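**Student:** One structure, pasted below without further comment.
The values are calculated or read from the model by the stated rules, or taken from the named source; none is laboratory data. Since the model is a prediction, treat every value here as computed from it, not as a measurement. Here the Cβ is made from the backbone with ideal geometry for all residues, glycine too, and neighbour counts use every protein chain on show.
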Amino acid sequence: MEEKDNNNEKIQSLREMIYSAEKTLQGAKTMLLQLEGKKKVGRKKKLSESDAEDGRVVEGTFDGQIMLGNDSKQYPVPANYASKSKLIEGDVLKLTITPDGSFIYKQIGPAERKIILGIVSIDPDGNYFVAAEGKAYKVLLASITYFKVEPGDEVTLVVPRDIDSDWGSIENVLQKGREHKTEAAPPKKMRNIDDIINENPRLEKKLSSEETAVSHGDSLMDEWTPDLEELKLELKKNSAD
C-alpha cells in the first residue's frame, strides 16, 4: 500500500514537472517570436485529455441552471452548453478545472427522461416558460435564442421522468405560432354609380349643367359628346378607387 502511494506521488510530481516544462517552453517560444517580430497565428489549441487530467475533478448534479458539486459547492454551467446538450435536472456531470482555470464539463450520468408537448409563453416580467401538462416549466434563455422561438410556438420539451422538476429543456420546435394562414379578404362590394355621384358634388354639378345644355337642342351635341366621354372616364376612375 505504501509503495502504491509512493508511486502515485512520483507520478503526480512527474506530471507537474512536465506541465512546468511545457509552460516554460511555450513562454520561450512566445518571446522568440516577439524578438523576431513575428506574431503568433493559428487557432487556440483545444485542451487535450492529458491537460484535463492535470486539473481538479469535481462531480455533481445539474439542477436546471448550475451544478451542485459533491463538495457542497455550486458551479456555474454555461447556458449554451446546457441548452445544446439538453441537460435536465438530475443529470450527473463531471467538471474538470484545468490548471489555467478553464472549466470542462462532461455528462456522465443522464437522468431518465420523457418528452412532452408545450406552448412557449412569457410572463409579465419578460421571463420565458413552456406551458405543458398543466404546468409552467422554466427554460434557459439560451434555448429560446438557440431555437429562435417566440410566444405561441409549439415545442417538444425534455423533462425528468422521475423528478418533479421546475425546469425543462427545449428539444425542437414543432409549429411556429405566427405561421397561421390568414383568411382571404372579402371581395369589394360593387358601388352604385348614384352613390359615387352623391359623394362627388363636382360630378353632380357637371352632370346637371350638361343635361341642361342638351335640352336646348341638337346644336350642342358636338360639345356634349366629348364631355360625356370624359365623364365616363372619370366615373370609372372613381369606381376603381
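**Student:** Only residues that are among the small types (Gly, Ala, Ser) and under 14 Å from the mean Cα position of the chain (by Cα): list them for segment 114-169, please. Outline the logic, then answer.
**Tutor:** First, the residues of segment 114-169 that are among the small types (Gly, Ala, Ser): 118, 121, 126, 131-132, 134, 136, 142-143, 152, 165, 168-169.
Ser121, Ala142, Ser143, Gly152, Ser169, listed by residue number.
**Student:** Same structure, new question: Pick from segment 76-98 the residues that are touching a Phe, Trp or Tyr at 6+ places or on another chain (Cβ under 9 Å), in contact (Cβ under 8 Å) with a residue 60 or more places away in the chain and assigned to a loop (DSSP other than H, G, I, E, B): which of them is surrounded by the fewest Cβ atoms within 10 Å (Cβ to Cβ)?
**Tutor:** Taking segment 76-98 first, the residues touching a Phe, Trp or Tyr at 6+ places or on another chain (Cβ under 9 Å) are 76-78, 80-85, 87-97.
Restricting the remaining residues to those that are in contact (Cβ under 8 Å) with a residue 60 or more places away in the chain gives 80, 82-84, 87-90.
Remaining after also requiring assigned to a loop (DSSP other than H, G, I, E, B): 87-90.
Values: Leu87: 25, Ile88: 25, Glu89: 19, Gly90: 21.
Per the stated criteria, the residue is Glu89.
**Student:** Among the listed residues Ile66, Ile97, identify the single one that is of a type outside the set (S, T, N, Q), more than 24 Å from Arg113 (Cα to Cα), modelled with pLDDT under 95 and out of contact with any Asp or Glu (no Cβ under 9 Å at 6 or more places or on another chain).
**Tutor:** Numbers: Ile66 fails: more than 24 Å from Arg113 (Cα to Cα).
None of the others qualify; the one that does is Ile97.
**Student:** Within segment 116-131, is even one residue assigned to a loop (DSSP other than H, G, I, E, B), at pLDDT 95 or above and touching a Lys or Arg at 6+ places or on another chain (Cβ under 8 Å)?
**Tutor:** So far as segment 116-131 goes, no, none of its residues is assigned to a loop (DSSP other than H, G, I, E, B), at pLDDT 95 or above and touching a Lys or Arg at 6+ places or on another chain (Cβ under 8 Å).
**Student:** In segment 111-136, how many are more than 24 Å from Gln175 (Cα to Cα) and crowded, with 16+ Cβ neighbours inside 10 Å?
**Tutor:** 1
**Student:** Would you mind finding the one in Val149, Val158 that is outside the structural domain of Val57 (by TED's automatic domain parsing), in a loop (DSSP other than H, G, I, E, B) and of a type in the set (Val, Ile, Thr)?
**Tutor:** The unique qualifying residue is Val149.
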